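The block underneath contains the structure these notes are about, expressed in structure tokens.
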Amino acid sequence: MPVEIDPFHAITISRTAHRMGAEGRSVIHMEFGQPSTGAPAAAIQAAHRILDADGMGYWESPELKARIAAHYAEMYGVAVDPERIILTCGASPAFVLALSCLFSPGARVALARPGYVAYRNTLKALHLIPVELPCGEAERYQITAAAIERLEPAPEGLIIASPANPTGTIIPPDELAAIAAVCRRRGIALVSDEIYHGLSYISPADSMLQHAPDALIVNSFSKYFSMAGWRLGWLVVPDHLVDAARARMGNLFLTPPSLAQHAGLIAFDCRDELEGHIQTYARNRDRLLQALPQMGLGRIAPPDGAFYIYADVGHLTNDSLSFCEALLHDTGVALAPGLDFDPVDGNGFIRFSFAVSTDLIAEAVRRIEPWFAARQGSG
Ligand SMILES: Cc1ncc(COP(=O)(O)O)c(C=O)c1O
């Protein structure tokens, strides 16, 4: 029997939002976790040139792998042999490779709830069993070493994400070290999603590689590098999994787009432009952190990084999808329902993605303020 996979409800919101836009309504898209900026300008310019000169066959860029390896040395002080890096078509296929290299069908893999919707669904699609650990305000919506310690029986694997989607919370270095130690002791394989690295408003997040050299690391050009549609990412695997991961990449996906690999290499040298995006996100974050409590949305996860605010609206609704639909219909502001990230408690949450311009954030606040004021009054 094929397994059933839940839909991504933010897509439903987005479809309605685009339909409203096509009908002439002004819509502010804050439903998806993607930068509204494009790829860095120098990467786009290079891509134009390369299109004329390169045949765009199947290809893996040795220069890009070397550049990513150098990134681990520069940012985290960790030596990674470029051969341990598998270039992928984004983080999503990197997960498929990681999970299928590590686990046999039926294996139990722990993850935080709330968490990115695709973890649960990718696990299910690969006939693995998600073991969701409820993570509330007290744990800053993150997995802790103590929670992994308590799990009986020990799961075969653990997925962590720091900064996380939908909350933006970061696991501090000492907790990462403690998680690595528990996993080592209990024989739990670690997959660390580091797709939001580079986007932090407190101190930078550690890589799990600093604490667990055998961890599998997923990363991508979709967020920090602002290149979501280019479909480029990578997976770092330990030596003993290189052949298995390469075999899976070759059979399931072949190679990532050649053009994206060329552009991705250039993007590493576009720090100034990319850091400018982070300054925009920081302003947007401040603006929302100031405005939301005044609208009665005071219970929000601390957004240490990424570009999300996960807000508790449990006092206003027990149906986050209908709530987001009504908000979109009335104000033209599209948000993601918490149901996507947490099938148990998510109906009381919504997620704001603030990777848009600061002007749009100001306009969104202007529109939703009276809407929430009316709800608080009647709620
Ligand atoms: C936490 C997390 N991991 C992975 C992905 C998938 O990213 P990619 O575009 O690289 O496939 C996303 C996308 O939003 C995400 O939020």
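Couple of notes before you dig in:
- For region 109-127, filtering for residues that are assigned to a strand (DSSP E or B) and over 16 Å from the mean Cα position of the chain (by Cα) leaves 2.
- Of note, residue 45 satisfies the criterion of being open to solvent by 60 Å² or more (accessible area, probe 1.4 Å), closer than 21 Å to residue 226 by Cα and at pLDDT 95 or above.
- Among the residues of region 247-265, the ones that are part of a helix (DSSP H, G or I) and either under 20 Å from the mean Cα position of the chain (by Cα) or over 17 Å from residue 89 (Cα atoms) (or both) come to 2 in all.
- Filter result (surrounded by fewer than 22 Cβ atoms within 10 Å (Cβ to Cβ) and within 13 Å of the ligand (Cβ to nearest atom)) within region 94-119: 96, 118
- For region 284-325, a residue qualifies if it is aromatic (Phe, Trp, Tyr) and within 16 Å of the ligand (Cβ to nearest atom), and the qualifying residues are 307, 308, 310.
- The condition (being touching a residue at least 24 places away in the same chain (Cβ under 8 Å), in a strand (DSSP E or B), near the ligand (Cβ under 9 Å from one of its atoms) and more than 16 Å from residue 307 (Cα to Cα)) is satisfied by just one residue among 218, 191: 218.
- In region 17-36, residue surrounded by the fewest Cβ atoms within 10 Å (Cβ to Cβ) [restricted to those that are more than 15 Å from the ligand (Cβ to nearest atom) and within 23 Å of the chain's Cα centre (by Cα)]: 18
- Single residue of region 194-220 satisfying the filter (open to solvent by 10 Å² or more (accessible area, probe 1.4 Å) and among the acidic types (Asp, Glu)) that is farthest from residue 276 (Cα to Cα): 214
- Listed by position, the helices (runs of 4 or more DSSP H) contained in region 24-108 that have at least 2 residues being touching a Phe, Trp or Tyr at 6+ places or on another chain (Cβ under 7 Å) are 62-76, 91-102.
- Hey, residue 229 within 12 Å of the ligand (Cβ to nearest atom) and in a helix (DSSP H, G or I) or not: yes
- Residue 244 more than 13 Å from the ligand (Cβ to nearest atom), under 24 Å from residue 187 (Cα atoms) and part of a loop (DSSP other than H, G, I, E, B): no
- Of all residues in region 171-182, one or more are in a loop (DSSP other than H, G, I, E, B) and in contact (Cβ under 8 Å) with a residue 24 or more places away in the chain.
Condition check ((1) outside any helix (DSSP H, G or I); (2) open to solvent by less than 10 Å² (accessible area, probe 1.4 Å); (3) among the hydroxyl-bearing types (Ser, Thr, Tyr); (4) farther than 24 Å from residue 198 by Cα) across all residues:
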position	(1), (2), (3), (4)
280	no, no, yes, no
311	yes, yes, no, no
323	no, yes, no, yes
329	no, no, no, yes
365	no, yes, no, yes
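- Enumeration of residues in region 140-156 that are buried (at least 18 other Cβ atoms within 10 Å of the Cβ) and within 15 Å of residue 177 (Cβ to Cβ): 142, 143, 144, 145, 148
- Only one of 82, 7 that is without any contact (Cβ under 8 Å) to a residue 60 or more places away in the chain, more than 16 Å from the ligand (Cβ to nearest atom) and not polar (S, T, N, Q): 82
- Residue count for region 254-272 under the criterion of being open to solvent by 70 Å² or more (accessible area, probe 1.4 Å) and either touching a residue at least 12 places away in the same chain (Cβ under 8 Å) or among the aromatic types (Phe, Trp, Tyr) (or both): the result is 2.
- Residue list for region 59-83, filter: of a type in the set (D, E, K, R) and surrounded by fewer than 21 Cβ atoms within 10 Å (Cβ to Cβ): 60, 63, 67, 74, 81, 83
- None of 276, 250, 338, 305 is surrounded by 23 or more Cβ atoms within 10 Å (Cβ to Cβ) and within 29 Å of residue 66 (Cα to Cα) except 305.
The values are calculated or read from the model by the stated rules, or taken from the named source; none is laboratory data. Worth saying up front: this structure is predicted, and the values here are computed from it rather than measured. Please note: Cβ atoms are built from the backbone with ideal geometry, for glycine as well, and neighbour counts cover all protein chains shown. Heads up: the accessible areas ignore ligands, DNA and RNA and are worked out on the full protein's heavy atoms, side chains in. Shrake-Rupley method; radii C 1.70, N 1.55, O 1.52, S 1.80 Å.
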